[in-house]
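Here is the structure we will look at.
The values are calculated or read from the model by the stated rules, or taken from the named source; none is laboratory data. Quick caveat, the model's predicted, so the values are computed rather than measured. Positions of Cβ are backbone-derived with ideal geometry, glycine not excepted, and every protein chain shown enters the neighbour counts.
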Amino acid sequence: MKKPIATLIAAAGLMVAFAETSTNTSPSTKAAEVKYPWASTVSAGISITRGNSHTSLFTADYLTAKKTPNNEYSFGVGIAYGTQNSADTANSYKVFAQWNHLFTERFYGYLRADALRDLVADLDYRLTIGPGVGYYLIKDTNTLLAAEAGGAVELQRLGGEDKQFATVRLAERFEHKFNDRARLWQSVELLPQVDKLENYIINFQIGIEAAISKQFSLKTYLDDTYANRPASDRQKNDVKIIAGVSYKF
């Protein structure tokens, strides 16, 4: 799995480098250029039970994003590890990167790459990369609603079997800030195989975050992955409810 993850991280770096190079301006313009810093968060959560049951679950993720008038960049890494009576109940690692180039205030093209390793689901790796287009149906100060459609190439080793095929990607993402201290977000993504539509994956997430200080906040969210064709002897649906603390910088 190290090679697909390393490939994705390298691809993410190239995406950002190419995007930022494509928007370079003359030295005189740079002197007055507005700075657009990266906004980053680190989150962690842990749950432990002892007694009649013996369970533990640890999650951590890193998210960073940057927005300029013409480009939007996002990158994230996440892990989840859990056990019950010494047996793994969660053991997954994921990375994603996306670059959006805005053609108008609302319409944009994107390039996205995802990598996932989930040992409990018998998934050694799944690497997906491809382009698409998106449109902000709502783009206000406190509310964002975007729809995306595109294609991708998927490479995976599921149940010990290597496969590669083309997929369609249909996605929607929503965020609403109630005020400076609380926000709600939700996203859904459908990835069907082009020549076998019954082989599809749905990724869904919904959560809420409330600030407890300028940099720290409490975050709770539901993360659901549905694979219509999982590995042998594995469940189709994988749901996690996660609560943790986030630090912004």
Practice item. Filter the stretch 83-115 for residues that are surrounded by 18 or more Cβ atoms within 10 Å (Cβ to Cβ) and of a type in the set (Ser, Thr, Tyr) and give the result. Key: Ser92, Tyr108, Tyr110
Point to revise | Asp233 acidic (Asp, Glu) and touching a strand residue (DSSP E or B) at 6+ places or on another chain (Cβ under 8 Å) | key: no
Practice item. Report yes if some residue within the stretch 205-217 is among the basic types (Lys, Arg), farther than 17 Å from Leu63 by Cα and not in a strand (DSSP E or B); otherwise report no. Key: yes
Check your understanding: Can you tell me how many residues in the stretch 124-153 are out of contact with any Gly (no Cβ under 8 Å at 6 or more places or on another chain) and aliphatic (A, V, I, L, M)?
Key -> 6
Revision key, fill the gap. How many residues of the stretch 200-249 are surrounded by fewer than 16 Cβ atoms within 10 Å (Cβ to Cβ) and among the acidic types (Asp, Glu)? The answer is 2
**Study point:** Filter result (of a type in the set (Val, Ile, Thr), within 19 Å of Glu175 (Cβ to Cβ) and at pLDDT 95 or above) within the stretch 107-156
**Key:** Ile138, Thr143
Check your understanding: Out of the stretch 92-106, which residues are more than 17 Å from Ala171 (Cα to Cα), under 17 Å from the mean Cα position of the chain (by Cα) and not hydrophobic (A, V, I, L, M, F, W, C)?
Key -> Ser92, Tyr93, Lys94
